[in-house]
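What follows draws every value from the coordinates through simple rules; no lab data is involved. Please read all numbers here as calculations on a predicted model, not as lab measurements. Neighbour counts are summed over all protein chains in view; Cβ atoms, including those assigned to glycine, are modelled from backbone coordinates with ideal geometry.
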Amino acid sequence: MAPDTTVNSGDIARLGGVSRAAVSNWRRRYPDFPQPVGGTPSSPRFSLRDVEVWLRRNGRTYTVSAADQVWQRLRAEGGDLGLGHVVARAGALLVWLREGDGSPLVAGVAERTDASFVELVEELAERHGHAGAFELLHGRYLETHGRLLGATSSAVADLMIRLADAPDGSLLDPACGTGGLLLGSTARRVFGQDAAADSAGIAAARLRLHGRTATVRTGDSLRHNALDDIQADAVVCDPPFGDRDWGQPGLIADPRWIHGLPPRGEPELAWVQHCLAHARPGGRVVIRMPAAAASRRAGRRIRANLLRDGALRAVLALGPDADLWLLRRPRPGDPTPSHVLLRDADQSDDVWTEIAAGHGVRIVDLLDDDVDLAPARHVRRSAVGVMGQGYDDALARLRALELAPPELPTLAVRREMRTTPIGRLERAGVVSIRRSAAHMTVDSGELTVLTGEDLALGRPASGRTVPEDRLVRLEPGDVVAAPTGMARVVEAPAVLGPGLAAYRVDPAQLDAEFLAGVLRAAGPWNRSAGRAELRRTRVPRLPLTDQQAYGRAFRALLVLQDTVRAATEQGDRLAHLGLIGLLDGLLGVP
């Protein structure tokens, strides 16, 4: 091995045939365990030579597999900055070993590669097959640089492919990364493009080694569309989020923007229209979007046009931070749909059936000043049927565990509720809304500060700050909300922490626990939200006695959430200590 070859904890675990927990245990128990020579405190790297010496000295057997040897050679040659390039070259080498010089992927790769390394790669291919060998290396690459690459999770990728549904047709991914979405599909022909040459090279090699008919190009799809002439049966895309430097000034007159010029701060809406331009008439588009794109005011005109033209058919919430947008490029003469499906994503295959049946929210009700398509604002949480049965089952299981407080709500006949925006309540003097100071110090001072973490965990205010006129002072009974969607009624005076909003209610007209539950149900909001967005949440119009009853139920659900979280934390801690105790010999098996 090269003298400067380094390994991480996962590599050491594979080398010694143990778990990562065992490696962490070695580092704590043995003072002579090698010290990190690089990496970060959370992801340290160690000298492979030092680790091998330590393993031999402590009588621990280890095996350097062909995969480990190839990977460590790649790490030593590429380092952190050039790792993608050498992994792509290893993919080209595997193509050359299987197919010879007949592919443009492998031009000159044999001449540029050390003979001993070629032998190692050949050994790896003999054991795992050429495609399997490269998937091993690709997996190690994702372990090392997965966060930087932003690879789509396997669960989300599977759902996107299933919703795109083009098994006998063509599929295009204009931000294909290392090819995960393309490789996961069963499409007859696939097309991909990526701005990173290394990622595009890896994607091309993976697809080639798996015998797929594929065309992969390098370049930024928005600025330099290398697949301009392709119209596919389906388009999938997990684009980069929040890239304000996406080339808008040079693309103002681009013909792709048929639903409106995307603002500079809305690059994801440029990707939506790019994907639509590459779908054939009647073709589907499935694109992962930041959750905020469904409600940001800058994009409301384009969202409205997508709805009016019948292109946007569903927004499915993946979680607090991301949604899936399902679009279909209309054919000439297609009737304009009257509904758009807004709901949580799940693993069911009936989404397009629901869309075809006209399920969802009436489009005419969404074409207001906000064009807010956030599913959390429209899902009927009181729905019966499958959702109701699921709630009943979960409630029964929780009560069997004696975790569920008695005040939890139960199934009932669905109740229609009229609502009013919280901004209207503010204008009527029922509630006042304040934001925290934009910049404040929370590490020292004589005043206690309620931080976002305090709010999430339901603990007393833990921050400290110095007195200033701009601080927002909280009183018992105030409701505090965070961009994450958490909201609680505070029980002690404090200063409102950074990024939070406070709602002070008139208790004779509005119940605080009721308002806190409504804000939690409304879900996340943009941390940089303006006054208008904070005032958009719609509050059911109920008599005060009904509000108080709902408030008690909302509070019971919050207590349940806190209890389950605390139980999970303690369970995780117990499991962790148990693993260490078993390995240390402090615990015995039953």
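Sorting the segments 148-156, 230-238 by their residues' average number of neighbouring beta-carbon atoms within 10 angstrom, most packed first, yields 230-238, 148-156. Taking the 0 to 90 degree range and rounding to the nearest ten, how far is the long axis of helix 115-128 tilted relative to the main principal axis of the chain, both from C-alpha atoms? Rounded to the nearest ten degrees, it is 60.
Can you give me the angle between helix 267-277 and the longest principal axis of the chain, using Cα atoms only, in degrees from 0 to 90, rounded to the nearest 10? Between the helix axis and the principal axis of the chain, the angle is about 70 degrees. Sites count as exposed loop sites when they are trypsin sites (Lys or Arg not before Pro), lie in a DSSP loop, and have at most 14 other Cβ atoms within 10 angstrom; the longest stretch of the chain without one is 265-379.
For the chain, the dipole from Cβ point charges (+1 on Lys and Arg, -1 on Asp and Glu) about the Cα centre works out to 1120 debye, to the nearest 20. Here Glu416 and Arg162 are evaluated by their C-beta separation; at R0 = 45 Å the FRET efficiency comes out at 0.85.
Using only the alpha-carbon atoms, how far is helix 544-584 inclined from the longest principal axis of the chain? Give it as 0 to 90 degrees, nearest 10. Approximately 30 degrees, to the nearest 10.
With the simple spin-label model, which puts each label point 7 Å out from Cα in the Cβ direction, the Ala549 to Arg244 separation comes to 5.0 nm. If you take all other residues with their beta carbon under 10 Å from the beta carbon of Val489, and give Lys and Arg +1 and Asp and Glu -1, the sum is -2. Full extension of the chain between Val37 and Arg60 yields a length gain of 6.1 nm, computed as 0.36 nm times the residue separation minus the alpha carbon distance.
Counted by Cβ distance under 15 Å from Pro249, the other residues give a net charge of -2, where Lys and Arg count +1 and Asp and Glu count -1.
Counted residue by residue at 0.36 nm each, then reduced by the alpha carbon distance between them, the extension gain from Arg565 to Val18 reaches 193.9 nm.
Once the C-beta distance of Ser444 and Asp80 is scaled by a Förster radius of 60 Å, the resulting FRET efficiency is 0.95 to the nearest 0.05.
Rounded to the nearest 0.05, what FRET efficiency is calculated for Asp309 and Glu453 with R0 set to 56 Å and r the Cβ-Cβ distance? Once the sixth-power term is evaluated, E becomes 0.80. Available extension along the chain between His210 and Asp228 is 3.9 nm, counting 0.36 nm per residue and deducting the alpha carbon span.
Projecting label points 7 angstrom from Cα along Cα→Cβ for Ser153 and Arg188 puts them 3.5 nm apart. Amide H contacts of Leu172: Phe191, Ala234, Val235, Val236, each under 5 Å away and 5 or more positions distant or on a separate chain (H built 1.01 Å from N in the peptide plane; Pro and chain starts excluded).
Its DSSP H runs of at least 4 residues, each contributing -39,500 (n - 2.57), put the calculated 222 nm mean residue ellipticity of the chain at -12000 deg cm²/dmol, to the nearest 500.
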